[in-house]
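Student: Encoded as structure tokens, here's the structure I'll be asking about.
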């Protein structure tokens, strides 16, 4: 099978091709697993974190990718939850304890980091961690739902938002453009304010229903009850705290933050940014419960998913484009035809 392989940690500012196109044997499903013939795989900022060493794979080489959509090709011994031909998706969670807090468990196994993922024609996964895809979505539209959508949904839940309270989205890429639509559906009386660098991205947010848009340096018209930060930088953390009302909550939706602007934390002032019971909370992974809840909800809305597709062999270009920023929607690798 064709696969894009990560063999060493590199700086993407110095290496234009961190992944190598290789031919590997098709993996065989173990008991309780399924083999998936992959149609598409989304490209996520977490892949940049893996490649550049902020969340290091425990072994190399490894096949990245954790927003996977495909068809069940074969069942391992004892597997019965899915049938050959079923369309399923796999997210960041490849396997874990099965408990409510499995996202925090030391048993958590990440797709495309701890085990081989979806930048390939085939992959295996435990049957309980593959999920039916709503028919309303194409393969390409479904891919970002498996991580960008699901972890965004978890972040939204962690805000504790109530209908009518003001929500901010700091950054507006693959995850936030889905969170905006979910928030408008679940909290129809809540204004949603978007902070983004690019004027084109801000216009995109307005088309999707944002109440107000501005740059990350702007002040919101009114202090916000909650903000979700999906950026890889530190300055938006400071700017988010400035925009929170007393008792407000900042939820940081990122596996890692980059170091290039970490000195911005020197500007953190307790009285300005943290006092009055403002709260900071991080999102750590997703559970299978999140995916089971979110995917049917996404189909019910239904979410408008904007994607840009690349062939598998152009995965390095997709990663470079993601690294440069100014992403509207999500990037998806086209791997097979279903």
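Student: Kindly express, to the nearest 10 degrees and within the range 0 to 90, the angle between helix 176-186's C-alpha long axis and the longest C-alpha principal axis of the chain.
Tutor: For helix 176-186, the angle is close to 70 degrees.
Student: Using the 10 angstrom Cβ neighbour count as an exposure proxy, how do 237, 109 rank, fewest first?
Tutor: 109, 237
Student: I've got another one for you. Cα axis of helix 288-300 to longest principal axis of the chain: angle in degrees, 0 to 90, nearest 10?
Tutor: Approximately 80 degrees, to the nearest ten.
Student: Give me the angle, in degrees from 0 to 90, between the Cα long axis of helix 315-324 and the longest principal axis of the Cα atoms of the chain, rounded to the nearest 10.
Tutor: It is inclined by approximately 10 degrees.
Student: Further question: When only Cα pairs under 8 Å and 6 or more residues apart are kept, what is the percent relative contact order across the chain?
Tutor: Relative contact order for the chain comes out at 20 percent.
Student: Fewest Cβ neighbours within 10 Å first, please rank 127, 33 accordingly.
Tutor: The fewest-first ordering by Cβ neighbours comes to 127, 33.
Student: Right, something else. I need to check one value: relative contact order of the stretch 250-308, counting alpha carbon pairs closer than 8 Å and at least 6 residues apart, in percent.
Tutor: 50 percent.
Student: Connecting C-alpha atoms closer than 10 Å in a GNM of the chain, tell me which of 73, 121, 189 has the biggest fluctuation.
Tutor: Evaluated over the chain, the most mobile residue of the options is 189.
Student: Same structure, new question: Grab the DSSP H runs of the chain that are 4 residues or longer, score each as -39,500 (n - 2.57), total them, divide by all residues and round the 222 nm result to the nearest 500 deg cm²/dmol. Let's see the in-between values first.
Tutor: On the way: 8 runs with 74 residues, N = 338.
Taken over the chain, the calculation gives -6000 deg cm²/dmol.
Student: With both bridge residues required to lie in the chain, what share of the DSSP beta bridges run antiparallel, to the nearest 5%? All intermediate terms of the calculation are to be shown ahead of the outcome.
Tutor: Values: 31 of 57 bridges.
Restricted to the chain, the bridges split so that about 55 percent are antiparallel.
Student: Here's a follow-up. Which ordering of 193, 21 is given by a fewest-first count of other beta-carbon atoms within 10 Å?
Tutor: Lowest to highest Cβ neighbour count: 21, 193.
Student: On the principal axes of its Cα set, how long, how wide and how thick is the stretch 118-211? Give whole Å, largest value first.
Tutor: 42, 29, 22
Student: With an 8 Å Cα cut-off and a minimum separation of 6 or more residues, compute the relative contact order for the stretch 149-282 in percent.
Tutor: Dividing the mean separation by the residue count of the stretch 149-282 yields 23 percent.
Readers should treat all values here as calculations from the given coordinates under stated rules, not as data from a laboratory. This structure is a prediction, so every number in the text was calculated from the model and none was measured. Positions of Cβ are generated from backbone atoms using ideal geometry, with glycine treated the same way; all protein chains shown enter the neighbour counts.
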